[in-house]
Number of protein chains: 2
Amino acid sequence: MSELQDLTIAVLGGTGPQGRGLARRFARAGLTVVLGSRAAERAEATAAELAEVTGRPITGASNAAAAAAGDVVLVVVPWDGHKELLESLREALAGKIVVDCVNPLGFDKQGPFALKVEEGSATQQAAAVLPESRVVGAFHNVSAVLLEDDSIESVDTDVLVLGDDREATDLVQALASVVPGMRGVYGGRIRNAHQVEAFTANLIAVNRRYKAHAGVRVTDV
Amino acid sequence: MSELQDLTIAVLGGTGPQGRGLARRFARAGLTVVLGSRAAERAEATAAELAEVTGRPITGASNAAAAAAGDVVLVVVPWDGHKELLESLREALAGKIVVDCVNPLGFDKQGPFALKVEEGSATQQAAAVLPESRVVGAFHNVSAVLLEDDSIESVDTDVLVLGDDREATDLVQALASVVPGMRGVYGGRIRNAHQVEAFTANLIAVNRRYKAHAGVRVTDV
C-alpha cells in the first residue's frame, strides 16, 4: 500500500459539516483531497473556501468524478440515498478502499435512535453494493463541530475502524491518525459495524445532557 | 432517593467473573452487597471468599432471595436464560431499580458478534418483562479481569448508564462512580441500549488485536 501522501483522498458528500470537517483536517495534514457533491458547483465552492483557509489545493467535483479521482474514497452522505449513490458508483469504486462514515439514525421527540438496516449496517450495505471494493467503516463518532473549529488543535477522540481487510483497515487507521489528537483503532470486523454507527445516537444524547461535543477513547490500547 | 450507603446492592449471577468483580469493588467501596446465584451454596461460597479478601460482610443467597433483599438489583447472568429468570422474579423486583448488565453476544470462528434480540436489547427485554421495576442498563463494557485484580487500584473506564427514569440513572451513575477510576455517564434512553451492549463485541475484538483489557471513555464530559 502506498504512503498516504501519494494518495488522493476523495470525500463524497464533502459539502456537509462532517465531510467538510474531515476534508479540512486531512488537507491541513498535507494530504491531497478532492471533495464530491451531487452538484459539482457546490463542491467547487466549498473546496475553494477550504483551499483558502488551509492553504492547500483542495478541488471539488461531482460525486462521480471525485469517486473516479480518489484512491481512498470516504462516503459521508446522508443515509437517505446512500444505497442508490453507491450503486451508481460501483464501477468507479471497484478496487478502491471505500470508507463508509454514515450513521443510519432517526430523530423524534425523544431524540436520536438507531434505524434498522436490512444489511445490518451502512458499512455492510456498502460492502453488499460494492463487492469489488475494499469497504471499511470509520469516522462515525467524530464531532463535525470540533473538526470545523480551527481553534481546536487536537481532536480528542479515537476513530474505530471496522473491516475484514487488514491492509485496508491499517491504512484507514493511519488516515485517522494524521489529525492531531485523533487515533485510528481497529474496532472489529465489518459485521460489528452496526453498533459503532448506532452509538452516535448515544453520543448525541450525551451532548444534549452535558452540553458537550463528546467523542470516544478506547482505554488500555 | 436514599444514599447508596443505606441501600443493599444485590448482584444476580454474582458467582460469574463480572458479577464477582462488581461485587468485590462495591464491597471495597463500603457498600452492602448480597450475591445471588441459581444455587444458594455457590453464592454463599463466593460471598465468603469475597468477604475474606475485602474485609466486608458480603452475603450469598439464591437469586430469588438476593432479589428480595436488594434495593438495587444488578442482573449479571448469562443471556441464555435471562428472560426466564427475570420472569420468575417479577414480583420480587417490583418497585426496585434493576440494572441490566447483560450483553447478548454470540461467538464463532470469526470471533464475537451481537445477537439479534426481539425486544431490541437485553435492557429492553428486562423492561418488557418487569413493567413495575425501574430498569436501567449499565456496566456492559467493564472488564471482569480488571475488576477482579486487586493490584489495579483504578479501573480506567466510563460506565454508560441507559434509562428513561432520571432518578434511577442518576443513582446508577453514582453507583458506578464508587469504584476508583470508573465514572458513570448518562448514555441515552433505554431504546439506545442495544448498541452499548453490542459494543462489547468490538471491545473483545480490540482486546484480541491489541492484547488489552479495553474500556471506553467518553471525551469532553
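The values are calculated or read from the model by the stated rules, or taken from the named source; none is laboratory data. Just so it is clear, the model here is predicted, and its values are computed rather than measured. Cβ coordinates were reconstructed from backbone atoms using ideal geometry, including for glycine residues, and neighbour counts include every protein chain displayed. When the accessible area is computed, the model is the full protein with side chains, heavy atoms only, and any ligands, DNA or RNA have been set aside. Shrake-Rupley method; radii C 1.70, N 1.55, O 1.52, S 1.80 Å.
Assorted remarks:
- Inter-chain shielding of B:183-190 (mean C-beta neighbours from other protein chains, 10 Å cut-off): 5
- Taking the Cα centre of the range A:2-210 as origin and assigning +1 to Lys and Arg Cβ atoms and -1 to Asp and Glu Cβ atoms, the resulting dipole is close to 420 debye.
- For the protein assembly as shown, fraction of C-alpha pairs farther apart than 43 Å, in %: 18
- For residue B:211, the distances from its label point to the matching points in the remaining copies are 4.6 nm, ordered from shortest, with each point set 7 Å beyond Cα toward Cβ.
- For a label point 7 Å along the Cα-to-beta-carbon line of residue A:42, residues of the range A:87-115 with backbone N under 19 Å: A:87-89, A:101-105
- The range A:1-30-the range B:1-27 distance, computed between alpha-carbon centres (Å): 48
- Average partner coverage of A:205-211, which counts Cβ from other chains inside 10 Å: 5
- In the assembly of identical copies, residue A:183 has its label point, taken 7 Å from Cα in the direction of the beta carbon, separated from the corresponding points by 1.6 nm (ascending, one decimal).
- Distance in nm between pseudo-label sites at residue B:152 and residue B:164 (7 Å out along the Cβ direction from Cα): 3.4
- Accessible surface of the protein assembly as shown [probe 1.4 Å, protein heavy atoms]: carbon and sulfur percent: 49
- Modelled spin labels at residue B:145 and residue B:115, positioned 7 Å past Cα toward Cβ, are 2.4 nm from each other.
- Anchor residue A:211: lysines whose Cα lies under 22 Å away (excluding residues fewer than 8 positions away in-chain): A:109
- The charge dipole of the protein assembly as shown, taken about its Cα centre with unit charges on the Cβ atoms of Lys, Arg (+1), Asp and Glu (-1) only, comes to about 40 debye.
- Whichever aspartates and glutamates have a C-alpha closer than 19 Å to that of residue A:116, once near sequence neighbours (fewer than 8 apart) are set aside: A:80, A:84, A:100, A:108, A:197, B:118, B:119, B:197
- Heavy-atom accessible area per residue - chain A, 1.4 Å, Å²: 39
- Global geometry of the range B:110-221, whether rounded, prolate or oblate, following the gyration tensor of its Cα atoms and the 1.5 cut on a/c: oblate
- Applying both filters, DSSP loop and at most 10 other Cβ atoms within 10 Å, to the trypsin sites (Lys or Arg not before Pro) of the range B:149-221 gives B:211.
- Viscosity 0.890 mPa s, 25 °C: Kirkwood-radius Stokes-Einstein D of the range A:2-210 over Cα pairs, µm²/s: 147
- Tensor-based shape of the range A:49-155 (alpha-carbon gyration tensor, a/c under 1.5 rounded, otherwise prolate or oblate): oblate
- When residue B:78 is represented by a point 7 angstrom out along its Cα-to-C-beta vector, the spacings to that point in the other copies are 4.7 nm, nearest first.
- At R0 = 25 Å, FRET efficiency that the Cβ-Cβ distance of residue A:128 and residue A:108 yields, to 0.05: 0.35
- Global form of the range A:52-111, assessed from the alpha-carbon gyration tensor, a/c cut-off 1.5: oblate
- Rounded to the nearest 0.05, the FRET efficiency derived from the C-beta distance between residue B:90 and residue B:211 at R0 = 30 Å is 0.10.
- Taking every residue in A:104-116 and counting other chain Cβ atoms within 10 Å of its Cβ, the average works out to 2.
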